[in-house]
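Just dropping this structure here.
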Amino acid sequence: MTDYNEYAELAQSSTDYFYKSKDPVQYVNNVYPLSNEEENEVFNYWWIAHLVDVRIDAYLRTNDTRYLEQAEATYHYNKARNKNTLLHEYYDDMLWNALAGLRLFNITKKVGYLDDAREVCIDIFDTAWNDHMDGGFAWKRTQLDYKNTPVNAPIMILALRLYQIESDARYLTTSEKTLAWMRKYLINPQTQFAEDGINRNGDGKVDTQWQFTYNQGVYIGALIEFYHISKDVQYLKDALECAKTSIEVIAKNGVFDDQGDGGDIGLFKGIEYRYLNLLAKETQKVGLDSNFIKEFILSSCEILIEHSQKEKYLLCYRDWRVEQLPESIFLSDQLSGVMALESAATIEEP
């Protein structure tokens with residue numbers, strides 16, 4: 001029987017082994033192996049937020065304070081490199097850092113993390129919602145008429161988690177308005193599948209050609225937070241339908257298959273694993289059948305482990321079925337593997 005805890009540990013140490021930069025300004029490299037410094041020119045702000053998250057995952061799994069120290073150090077590095085703020089042109093990038101910060105607040109009770117998360121939420125409330133496409137939050141400050149799931153779902157997760165801490169009614173009412181907008185424009189009412197976005201090219205069209213795990217994961221996460229507040233199990237039932245559809249539509253040969261180029265896509269499947277894990281735990285508490293989630297997570301992680309072996313470590317490429325690892329692998333790909341294995345290691349915990 002596979003010891004997923006052991007492989008989650010190995011994935012954490014492998015991330016340091018393959019990606020830790022010797023340059024303190026860089027902190028972690030964007031790719032492995034690093035062939036030239038130009039590959040580090042892009043500051044992948046939102047990738048580093050997920051590095052914070054996986055260190056938090058490891059701390060919660062092990063209670064090893066070394067992981068918490070790493071999470072806090074990574075968070076402060078990322079904020080400092082972003083001019084000592086979480087605010088950014090891209091609203092979705094801000095949200096991932098705010099969500100990581102709020103998790104740190106829940107563990108450490110250091111109010112600075114809460115302040116950062118609140119600042120991001122209020123900034124998005126105040127600057128990103130507009131009447132283009134009948135509402136919804138914009139993707140970035142320089143394209144306010146393009147609305148997508150990667151912002152509108154995570155802002156609900158953040159706002160609803162803040163609401164459970166601070167009870168400010170604006171967090172809840174804005175989230176309810178956002179969910180209504182998403183369900184009108186981006187959510188299939190029969191399958192609960194989340195489309196990517198609308199009006200990207202200024203033509204009012206929905207990007208149905210982009211079927212991404214990222215979108216399903218954050219929509220599931222938002223529904224879970226609505227359930228936490230309302231205790232209405234219909235939110236969990238809708239989330240289960242989304243999970244079921246996403247596996248049917250996006251998974252191929254036992255693993256998620258996000259199509260597309262570029263480094264960002266490497267992170268997408270890991271995001272869905274994070275929220276599938278949370279969904280499985282919540283639905284088990286109320287007697288809803290989510291065994292298919294557990295089975296998918298564990299069986300797909302078996303494939304990941306089999307095809308990621310390198311130098312007694314794990315190097316995770318985005319295609320978990322590849323027989324031979326490519327010459328270059330993004331940090332984002334690796335982080336998805338870590339998120340998946342952390343999910344596998346904890347999915348049976350209450």
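Scan the stretch 17-26 residue by residue and report those that are over 20 Å from the mean Cα position of the chain (by Cα) and either of a type outside the set (Ser, Thr, Tyr) or crowded, with 19+ Cβ neighbours inside 10 Å (or both). Even if it seems obvious, please write down each step before you answer.
Initially, the stretch 17-26 is screened for residues over 20 Å from the mean Cα position of the chain (by Cα), giving 17-18, 20-26.
Answer for the stretch 17-26, where residues must be over 20 Å from the mean Cα position of the chain (by Cα) and either of a type outside the set (Ser, Thr, Tyr) or crowded, with 19+ Cβ neighbours inside 10 Å (or both): PHE18, LYS20, LYS22, ASP23, PRO24, VAL25, GLN26.
Among the residues of the stretch 211-219, is there at least one that is crowded, with 16+ Cβ neighbours inside 10 Å and not in a helix (DSSP H, G or I)? Even if it seems obvious, please write down each step before you answer.
If we filter the stretch 211-219 for residues that are crowded, with 16+ Cβ neighbours inside 10 Å, which is where we start, we get 211-219.
Still in the running and not in a helix (DSSP H, G or I): 211-212.
Checked against the condition, which is being crowded, with 16+ Cβ neighbours inside 10 Å and not in a helix (DSSP H, G or I), the stretch 211-219 yields at least one hit.
With the structure loaded, tell me whether THR178 is open to solvent by 10 Å² or more (accessible area, probe 1.4 Å), part of a helix (DSSP H, G or I), on the phi < 0 side of the Ramachandran plot and not aromatic (Phe, Trp, Tyr) or whether it fails that test. Full working, then the answer.
On the way: open to solvent by 10 Å² or more (accessible area, probe 1.4 Å): no; part of a helix (DSSP H, G or I): yes; on the phi < 0 side of the Ramachandran plot: yes; not aromatic (Phe, Trp, Tyr): yes.
Spelling it out, it is not the case that THR178 is open to solvent by 10 Å² or more (accessible area, probe 1.4 Å), part of a helix (DSSP H, G or I), on the phi < 0 side of the Ramachandran plot and not aromatic (Phe, Trp, Tyr).
Any chance you could count how many residues in the stretch 258-301 are at pLDDT below 95, of a type in the set (D, E, K, R) and either surrounded by fewer than 19 Cβ atoms within 10 Å (Cβ to Cβ) or farther than 17 Å from VAL218 by Cα (or both)?
Final tally of qualifying residues: 1.
Output yes when any residue across the stretch 168-175 is touching a residue at least 60 places away in the same chain (Cβ under 8 Å) and under 21 Å from the mean Cα position of the chain (by Cα), and no when none is.
Initial filter on the stretch 168-175 (touching a residue at least 60 places away in the same chain (Cβ under 8 Å)): none.
There is no residue in the stretch 168-175 that is touching a residue at least 60 places away in the same chain (Cβ under 8 Å) and under 21 Å from the mean Cα position of the chain (by Cα).
Within the stretch 104-135, can you find the residues that are in contact with a helix residue (DSSP H, G or I) (Cβ under 9 Å, 6 or more places away or on another chain), within 27 Å of ARG183 (Cβ to Cβ) and either free of Cβ contacts under 8 Å to residues at least 24 places away in the same chain or surrounded by fewer than 21 Cβ atoms within 10 Å (Cβ to Cβ) (or both)?
Selection gives ILE122, ASP123, PHE125, THR127, ALA128, TRP129, MET133, ASP134, GLY135.
Continuing with the same structure: Could you list, in sequence order, the residues of the stretch 226-248 that are open to solvent by less than 50 Å² (accessible area, probe 1.4 Å) and farther than 20 Å from ASP168 by Cα?
Result: TYR235, LEU236, ASP238, ALA239, LEU240, CYS242, ALA243, THR245, SER246, ILE247.
Next up: Within the stretch 273-285, is even one residue in a helix (DSSP H, G or I), of a type in the set (Ser, Thr, Tyr) and within 18 Å of the chain's Cα centre (by Cα)? Please lay out each step first, then the result.
Residues of the stretch 273-285 that are in a helix (DSSP H, G or I), as a first pass: 273-285.
Next, from what is left, pick out any that are of a type in the set (Ser, Thr, Tyr): 273, 275, 283.
Those left that are additionally within 18 Å of the chain's Cα centre (by Cα): 273, 275.
Looking for residues that are in a helix (DSSP H, G or I), of a type in the set (Ser, Thr, Tyr) and within 18 Å of the chain's Cα centre (by Cα), one finds at least one in the stretch 273-285, hence yes.
Sticking with this one: Please work out which one of (1) part of a helix (DSSP H, G or I); (2) among the charged types (D, E, K, R); (3) within 25 Å of ARG200 (Cα to Cα) is the condition ASP145 fails and give its number.
(1)
Filter the stretch 315-343 for residues that are of a type in the set (Lys, Arg) and either farther than 21 Å from VAL42 by Cβ or open to solvent by less than 10 Å² (accessible area, probe 1.4 Å) (or both) and give the result.
Going through the stretch 315-343, the residues of a type in the set (Lys, Arg) turn out to be 318, 321.
Hit for the stretch 315-343 is ARG321, nothing else.
The values are calculated or read from the model by the stated rules, or taken from the named source; none is laboratory data. Since we're looking at a predicted model, the values are computed, not measured. In this analysis, Cβ positions are derived from the backbone assuming ideal geometry, glycine residues included, and neighbour counts consider all displayed protein chains. With ligands, DNA and RNA removed, areas are computed over all heavy atoms of the protein, side chains included. Shrake-Rupley method; radii C 1.70, N 1.55, O 1.52, S 1.80 Å.
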